[in-house]
1. If you take the beta carbon distance between Asp155 and Ile240 as r and set R0 to 41 Å, what does 1/(1 + (r/R0)^6) give as a FRET efficiency, to the nearest 0.05?
2. Once amide H atoms are built 1.01 Å from N in the peptide plane, which residues 5 or more positions from Tyr197, or in another chain, come under 5 Å H to H?
3. Hey, if we sort Leu323, Leu293 by accessible area with the 1.4 Å probe, largest down, what's the order?
4. So what J values fall out for the stretch 213-226 if you push phi through Karplus, 6.51 cos²θ - 1.76 cosθ + 1.60 with θ = phi - 60°, rounded to Hz, Gly and Pro as x?
5. Using alpha carbons only, what's the Rg to Rh ratio of the stretch 203-338 with Rh from Kirkwood?
6. Amide H neighbours of Thr129 under 5 Å, at least 5 residues apart or on other chains, H built in the peptide plane: list them.
7. What are the ³J(HN,Hα) couplings of the stretch 125-132, residue after residue, when phi is run through the Karplus curve with 6.51, -1.76, 1.60 and θ = phi - 60°? Round to Hz, x for glycine and proline.
8. Defining a contact as two alpha carbons under 8 Å apart and six or more residues distant in sequence, what relative contact order in percent does the stretch 112-267 show?
Amino acid sequence: MKKYILPVVLLALLSGCGKVKDTSVVDSQINIVSGTASATTDKVTTSETETTTNDGKAKTTTAKKSAGDKISGTTTSVKATGRVVTRASGGNSGGVHGTTRAVPTAPRSTTRSNTSSTTTQQPSTEAPTYDPKDHSSISFEFKSDKIEVLHVYNDGKKRSPQSLTVDTSEIKEFLDKNPNKTINDRIEKVDFDGDGYPDLFVVEKEDDLNKSGKYFRYDPEKGKYDSWDELNALKFEINIQEATNRLIVTENIDGVDYKKKYYEWNSLNHLILKQYEYCYTVKENGFPVTDELGVVVKNFEYIYYDDNGNEISKEIRDIKGNLVGENVEPTTEEHNEE
């Protein structure tokens, strides 16, 4: 009875697994065919295994068994490189029970060479800047007919983002006659509006009595000087009264008589006139009046204004501070003199 079992198993394996299976293997074991069978056939069963070796030649191993012999064993190809084909052939009759299984193979490892290109970035070429709030680094330079405002930029260099428009005719003459002087001798830096940033008064004309010129307000947001219309309307040099922070503008008339105006900034940041003081020489028939000691008589006229610039009171006093009657008031022409 044993002589019939082995051929039947072989027939079943060859009949049911007669397909050709291609497996790409890298350094792995080939398929193992094993099993048992029982059948009724006298035919000889043949099992062939074809292997492609490293040198590219095909190697076939054939196993023959007669009916009644027991098929048992394993056909193994060790470390075959290339395509391995397992082929089974045999009879066509008989019931087949068995398994053809492939030994798991190592996954193919694929190495991809990625070439990455490195781009060298050039240094940033951003334009140099300066801190607009840093007024301490500002300087000035006179060039022919304009005044250059110089800032220190973040690269350590001085540059001029703006020029001041002023009358430079007398400034140029002043600098030519005084080679030891610079444009700074014609520029006054004063914080006129109390914002903590020095503003400018550029002296355009100067004589023995008065200074006149142009005012510029510093804008810390832009880092530039703006022409200041309110102060330019005052025309003459401005001084600040420390006790009241009032802005005082004095116009000297002849070295003795003068007009003085006191200004304040109101809640809307507008400049308003608060007091007017006029010192004048009392005259009769065009000649100065003197007292019993021969001293020229001088009077002082005071006018006071409210927060809207409206006149609220007026008085005249002598040099000793005494109120003076109407007979010695200055003429209308003298009052209106500007």
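1. 0.65
2. Long-range HN contacts for Tyr197: none found.
3. On the way: Leu323 120, Leu293 145 Å².
Descending order: Leu293, Leu323.
4. x, 10, 9, 9, 9, 7, 9, x, 7, 8, x, 9, 9, 9
5. Working: Rg = 17.7 Å, Rh = 17.0 Å.
Over the Cα atoms of the stretch 203-338, Rg/Rh equals 1.04.
6. Asn154, Asp155
7. 10, 5, 5, x, 10, 9, 7, x
8. After rounding, I find 13 percent.
The values are calculated or read from the model by the stated rules, or taken from the named source; none is laboratory data. The shown structure was predicted, so the numbers you read here are calculated from the model rather than taken from an experiment. Ideal geometry is used to build each Cβ from the backbone, glycine not excepted, and the neighbour counts take in all protein chains shown. What goes into the accessible areas is simple: the full protein's heavy atoms, side chains included, and nothing from ligands, DNA or RNA. Shrake-Rupley method; radii C 1.70, N 1.55, O 1.52, S 1.80 Å.
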